[in-house]
Each structure stands twice: as structure tokens, then as C-alpha cells.
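Visitor: Handing you a structure now.
Each reported figure results from applying straightforward, stated rules to the coordinates on display, with no laboratory input. Nothing here was measured: the structure is a model prediction, and the numbers come from that model. Neighbour counts run over all protein chains shown; Cβ positions are idealised from the backbone, glycine included.
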Amino acid sequence: TLDRKGIDDFYGDWLLSPSVKLGDLPFFTGIMASETLADKLMSKADDPSINMWQQTVAEYVKESLDTAPVSGDTVTINNEWSLVIKQVDDKGAVRTIGLK
């Protein structure tokens, strides 16, 4: 049988839509916002006028990985939060992301 708790622990307590914008996630704003994350987001912009907070979770995860995304890939946000890819479709598009 599947260990539901083990699965939930691995992917995190919350599932995010890959189309959610980073700026719309509460842990990216206010007291939870990491200066290093903000610097990292801004440094990724080829054009500094682009607002990286408008980037989707899927775009952020894909840009943070060196390889094509697969289930189980993890992107660390800060010492408290990580994004874990739960589902990738057969075209390589991220479908579900866990917040841990």
C-alpha cells in the first residue's frame, strides 16, 4: 500500500498550481521574503525592467534546475521553504508543485 503520510511529507503539505505568480504567494512577501531570493530573482532578469515577481512558479522552478524537470526535483527557496515537483506531463510541462 502507498504510505500517504510519507508521500505528503516528501512533497509538502500544500500543492501549488504551476501557473501561480511568485508575487501572489504569501511566503514571498513581507517578513517571509528572503533578500537573497529577491536578489536571485532580479539577477535572472535579462532586462532589469522585467518584474520577476510576475514569473510563475513553474517558470521559476524550470529556470532553477540544470536539467529538464522530473517528479521529485526540489528547488530550495530559503531555509524554511522548498518547491518540490510532484507531476510532470509527457511533454515536460510541470503540472503540480508541492510546497514544503
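Visitor: I need the phi-derived Karplus couplings for segment 9-26: 6.51 cos²θ - 1.76 cosθ + 1.60, θ = phi - 60°, integer Hz, Gly and Pro marked x.
Guide: Ordered by residue, 3J(HN,Hα) equals 5, 5, 8, x, 7, 10, 10, 10, 6, x, 8, 5, 7, 4, x, 8, 8, x Hz.
Visitor: Using 0.36 nm per residue of separation minus the Cα-Cα distance, give me the extension gain between Ile7 and Thr74 in nm, one decimal.
Guide: 22.7 nm
Visitor: Considering amide H positions built from the backbone, and no H for Pro or chain starts, which residues 5 or more places from Thr96, or on another chain, come under 5 Å of its amide H?
Guide: Lys86, Gln87
Visitor: Rank by packing, highest mean first: peptides 65-76, 89-100, with packing defined as the count of other Cβ atoms within 10 Å averaged across residues.
Guide: 89-100, 65-76
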